[in-house]
1. Compute the distance in nm between two label points, each set 7 Å from the Cα along the Cα-to-Cβ direction, one at residue 79 and one at residue 30.
2. Multiplying the sequence separation of residue 18 and residue 46 by 0.36 nm and subtracting their Cα-Cα distance, what value in nm do you get?
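Please treat every number below as a calculation from the coordinates, not as lab data. In this text the structure is predicted, and so the values were computed from the model without any measurement. Virtual Cβ from ideal backbone geometry, glycine too; neighbours counted across all protein chains shown.
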Amino acid sequence: MEHTTLATFADVNTGAAETFARALRRAQGEFMEMPGLQLTEAQAARLWSFDSRLCSAVLTALVESRFLIRSRYAFSRAESV
């Protein structure tokens, strides 16, 4: 899995950085509203209508920030959040 962060998107252009930031807030909000939510990357992309690259970047950022954890099969909210 390619690790793409906000900094990488910001290098492309400001519009992409804003898109990433909105996507990040949306995904985080969904997991906050539904604490038991577990999604595969493909399910998350479909639910939020994100392309695979954006979805991967958002989920990676949320894991790196320790907001989400990634199990073998799905992403879910970290217990300490």
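1. Result: 2.5 nm between the two label points.
2. Working: separation 28, 0.36 × 28 = 10.08 nm, distance 2.03 nm.
Working it through step by step, the gained length comes to 8.0 nm.
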